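See structure below.
The values are calculated or read from the model by the stated rules, or taken from the named source; none is laboratory data. Only a predicted model underlies this, so the values are computations on that prediction, with no experimental measurement involved. Glycine gets a Cβ as well: all are built from the backbone with ideal geometry, and neighbour counts include every protein chain shown. Note: areas computed on protein heavy atoms with side chains; ligands, DNA, RNA excluded. Shrake-Rupley method; radii C 1.70, N 1.55, O 1.52, S 1.80 Å.
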2 protein chains.
Amino acid sequence: MAKEKKAPKPKAQTPKGFRDYFGTEVTERAEMLAQIAGVYHRYGFDALESSAVETVEALGKFLPDVDRPNEGVFAWQEDEDGDKGDWLALRYDLTAPLARVYAQHRNDLPLPYRRYAMGPVWRNEKPGPGRFRQFYQCDADTVGSGSVAADAEICAMLADTLEVVGIPRGDYIVRVNNRKVLNGVLEAMAVTDEAEAAAVMRTIDKFDKVGEAGVRELLGKGRLDASGAYIDGVGLSDAQAEPVIAFLTSKGETAAQTIENLKAAVGDSAIGTEGVAELEQIADLLAAGGYGPDRIVIDPSVVRGLGYYTGPVFEAELTFEILDEKGRKRQFGSVAGGGRYDDLVKRFTGQPVPATGVSIGVDRLLAALREKGRIGSKTQGPVVVTVMDRDRMGDYQAMVAELRSAGIRAEVYLGNPKNFGNQLKYADKRNSPVAVIEGGDEKANGVVQIKDLILGAKIAESASLEEWQDRPNQFEVPRDQLVSKVREILESYS
Amino acid sequence: MAKEKKAPKPKAQTPKGFRDYFGTEVTERAEMLAQIAGVYHRYGFDALESSAVETVEALGKFLPDVDRPNEGVFAWQEDEDGDKGDWLALRYDLTAPLARVYAQHRNDLPLPYRRYAMGPVWRNEKPGPGRFRQFYQCDADTVGSGSVAADAEICAMLADTLEVVGIPRGDYIVRVNNRKVLNGVLEAMAVTDEAEAAAVMRTIDKFDKVGEAGVRELLGKGRLDASGAYIDGVGLSDAQAEPVIAFLTSKGETAAQTIENLKAAVGDSAIGTEGVAELEQIADLLAAGGYGPDRIVIDPSVVRGLGYYTGPVFEAELTFEILDEKGRKRQFGSVAGGGRYDDLVKRFTGQPVPATGVSIGVDRLLAALREKGRIGSKTQGPVVVTVMDRDRMGDYQAMVAELRSAGIRAEVYLGNPKNFGNQLKYADKRNSPVAVIEGGDEKANGVVQIKDLILGAKIAESASLEEWQDRPNQFEVPRDQLVSKVREILESYS
């Protein structure tokens, strides 16, 4: 007999660079987002959820991530009854949609408009290990205020947020810098050529990696890098390079000292002086709000994002050490960043609108909390009511209904009940604290068996430990004490 | 001087069929989703968040919505360094991704696998008024259990969920039907031809609209519809049509009566008898769990979804009346639906895997709660600290920091403070309950002015009402009583 030809089976796989999240991965993130939303709300920020899909036209090229300015989006063209329509794309961040939303609804929104947004964003980039094409962002922005009080508020809110989600004071620091100061430094260096300024920007972006000496070489004649390749320098004189080195290394013991150093670095540049004054005001406002340098510092060595933002720039770092993949200690590093970007909606309306904001890397923050053991402990599964007699499913349903009514997470075993061992294996896989058993004899006697699975596991692990041996891990209770006994066991482990 | 040519400004608009959600629209939905997740969790369901993007191959054509089986997805082709790759698409529901996830991870997942999922889905369909191309779904499914106890559990959970989100008992009903009973009815009618069976299915789908007499006509010779057009009938004899009419109208006073009627309708059909027995078991299990016919009923007139599901089918309806767009009273209608679909992962693995589940229409449920006035009352905005002296921003920041530390939502005015009237207009637009004012005189005297804006609005509304007149809506308090006085006002309105 000829076999019928079947269509090939589809592959059961996420697309490359995408993944699924299970159980506590989902609920821990949801809880963190709710905690963050709570802080943002208390600061007067309102929720906004824009659509995941935007026109490519509206998204434009407003990419905040200077490290990856050319990364693509997932885009497709509308098909309107056969006619090709607009190009649409998945949002790649929450800032470009904010610009569109503000331009579209500006007549109905308060001014200034404080908004927060949280949700997935998508990047059409080459996936790599630990690098996904869909990930969460969690942003807060103030649109329509040019006041540095708005920037200071974002910094204070960021510090509060980190503490609320479980990063204690001392384990994080919020660093503040200002693009205007750098502009002043460029003036003081007499760098006016745009290409030359861009080269200086690229060089200071390497400050983190190559340090002061490396930056000096790269601003001058060039530098032999670790691989032996020669990197051409910008070609500035030593004297010309001096202000930018002074800028990058200007952090003093106190904010006042840092400010003094910065004043020296910008010389008589008007924009630089304005930038330094802004940093001074931010430091004063934060001090007035009780945010001292143990939480937020002026730190001109923060260079990430300086190329993108137009005024103050912020970065939150976790300062505790973790072991990297090679077993070396290193600081956990950045979990949030932001700053002022004053041309947010100009491309839509022609009007300049000042804005400042911050984006928290929710997944990195979750990773940090897991690293510190503050979340991610094995979560307790449901109480499992086993099925001894499949004709009495109603009895078992009544038990779980009682347990659930008492607020206890519970389920009846819904697989094939024939093999009782499989039911206990299921309870184990579910990480259940308790199994309930009611066979024909128990039913006739008005009792149920309660199996303490946590205790059972402990006894199995350490059979010699006397402390567990005199405690039975299975016992009989009257049926009407089911709920109270189960609760007692759960409470003994909580 | 020649003007420089500028690029045209992009339009600040969502794509057609998409929208933005602001403030309480976002937070009320988030709160409802958290409430629903709480019930699902208590029932032993685990969270799952799959990626928004799937391969078109994995999505297949597993569309659960029989009303719109041919609706498209938003899809695009991967570009891998210039080579065309897989076709990807946004998920159109949460069931197709569940099938893919279960097939992919089945060796690591418990069996049965109870999971819930909530999030946006996307449909590439013609947008219409109130019809969006991105909307939320909130699903719970049990994969790998063929037991009707799994179906009964879903029904009980659905009833609990509706009550938890704020629909009181009596305002909703969960109706249960069974596809197998219909199959038995078709057998009893001696309808074996597939095309004829499909024609009968299409006809019973119209039962809601045309009623018993209409269905009789459509099963027989045909029917003149309201517009005067003649609709051809299926061409069955009156005798042949009898069983399906008996099926659709078999709901009795009690579940037992309904079951008797159904037994008569299916005659000696084996599949029909099995279906009736399943409904009977579901009714018994629900009764054992305490879910009476005031919450969940066997109702063979539920036909929505019968074409798609393979066993029990459920639908939750809100039974209170609302006024439709023409001012006529009508029941609010369906807010959730589901059923058993036993070929969930077969297309991936070749193995049949039974599954049953429910999907809640979150946006419709929110609309229902708004309709009943249970949510959506104007939400209180933040306390606004006004700026009388822009050089003392630090003083105002200190005030909001104190208020926030006390858990009070508060913000300092961040717009241009020059015009004090604009600050009060802003507070009004923000729906602020209280404004705080500290000018130079107040500062010198160690006091602040507190303006009760809710009382102010009441006085403005009803100036003649004596009850408000002897209560001042602005008063002075010592600076160190700021927090306690503001709290007192907020509590008087809560």
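Below is a table of values for the structure above.
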{"quantity": "Positions within the stretch B:270-297 being within 14 Å of another protein chain (Cβ to nearest Cβ), in contact (Cβ under 8 Å) with a residue 60 or more places away in the chain, in a helix (DSSP H, G or I) and of a type outside the set (A, V, I, L, M), in sequence order", "calculated": "B:GLU278, B:GLN281"}
{"quantity": "Search result, residues across the stretch B:431-451 that are surrounded by fewer than 19 Cβ atoms within 10 Å (Cβ to Cβ) and in a loop (DSSP other than H, G, I, E, B)", "calculated": "B:ASN431, B:GLY439, B:GLY446"}
{"quantity": "Enumeration of residues in the stretch A:72-118 that are surrounded by 19 or more Cβ atoms within 10 Å (Cβ to Cβ) and in a strand (DSSP E or B)", "calculated": "A:TRP76, A:LEU88, A:ALA89, A:LEU90, A:TYR113, A:ARG114, A:ARG115, A:TYR116, A:ALA117, A:MET118"}
{"quantity": "Within the stretch A:220-264, considering residues that are of a type in the set (Asp, Glu) and under 18 Å from A:ASP205 (Cβ atoms), the one farthest from the chain's Cα centre (by Cα)", "calculated": "A:ASP232"}
{"quantity": "Number of the condition not met by A:PHE207 [criteria: (1) within 28 Å of the chain's Cα centre (by Cα); (2) among the hydrophobic types (A, V, I, L, M, F, W, C); (3) open to solvent by 60 Å² or more (accessible area, probe 1.4 Å); (4) not assigned by TED's automatic domain parsing to the domain that holds A:ALA367]", "calculated": "(3)"}
{"quantity": "Breaking point among (1) out of contact with any Leu (no Cβ under 8 Å at 6 or more places or on another chain); (2) open to solvent by less than 50 Å² (accessible area, probe 1.4 Å); (3) part of a helix (DSSP H, G or I), for B:ALA213", "calculated": "(2)"}
{"quantity": "Out of A:GLY146, A:GLY130, sole residue that is touching a residue at least 12 places away in the same chain (Cβ under 8 Å) and either surrounded by fewer than 21 Cβ atoms within 10 Å (Cβ to Cβ) or not assigned by TED's automatic domain parsing to the domain that holds A:GLU278 (or both)", "calculated": "A:GLY146"}
{"quantity": "Residues satisfying the stated conditions in the stretch B:298-331, i.e. part of a loop (DSSP other than H, G, I, E, B) and under 21 Å from B:GLY373 (Cβ atoms)", "calculated": "B:ASP324, B:GLU325, B:GLY327, B:ARG328"}
{"quantity": "Flag for A:ALA195 being surrounded by fewer than 18 Cβ atoms within 10 Å (Cβ to Cβ), assigned to a loop (DSSP other than H, G, I, E, B) and at pLDDT below 90", "calculated": "no"}
{"quantity": "Filter result for the condition that a residue is modelled with pLDDT of 95 or more and of a type in the set (Lys, Arg), over A:ARG409, A:ARG390", "calculated": "A:ARG409"}
{"quantity": "Odd one out for B:TYR308 among (1) in contact with a helix residue (DSSP H, G or I) (Cβ under 8 Å, 6 or more places away or on another chain); (2) open to solvent by 30 Å² or more (accessible area, probe 1.4 Å); (3) touching a residue at least 24 places away in the same chain (Cβ under 8 Å)", "calculated": "(1)"}
{"quantity": "Residues satisfying the stated conditions in the stretch B:247-260, i.e. assigned to a helix (DSSP H, G or I), without any contact (Cβ under 8 Å) to a residue 60 or more places away in the chain and within 16 Å of B:ARG179 (Cα to Cα)", "calculated": "B:LEU248, B:THR258, B:ILE259"}
{"quantity": "Residue check for A:GLU212: outside the structural domain of A:ILE360 (by TED's automatic domain parsing), charged (D, E, K, R) and in contact with a Ser or Thr (Cβ under 7 Å, 6 or more places away or on another chain)", "calculated": "yes"}
{"quantity": "Of residues in the stretch B:13-22 being open to solvent by less than 40 Å² (accessible area, probe 1.4 Å) and not acidic (Asp, Glu), the one farthest from the other protein chains (Cβ to nearest Cβ)", "calculated": "B:GLY17"}
{"quantity": "Of all residues making up the stretch A:135-159, the number that are more than 12 Å from B:TYR413 (Cβ to Cβ) and either among the polar types (S, T, N, Q) or more than 8 Å from every other protein chain (Cβ to nearest Cβ) (or both)", "calculated": "16"}
{"quantity": "Hits in the stretch B:23-36 (condition: facing another protein chain (nearest Cβ under 8 Å), hydrophobic (A, V, I, L, M, F, W, C) and touching a strand residue (DSSP E or B) at 6+ places or on another chain (Cβ under 6 Å))", "calculated": "B:VAL26"}
{"quantity": "Failed item in (1) of a type in the set (Gly, Ala, Ser); (2) more than 21 Å from B:ASP342 (Cβ to Cβ); (3) in contact with a strand residue (DSSP E or B) (Cβ under 9 Å, 6 or more places away or on another chain), with B:GLY305 passing the rest", "calculated": "(2)"}
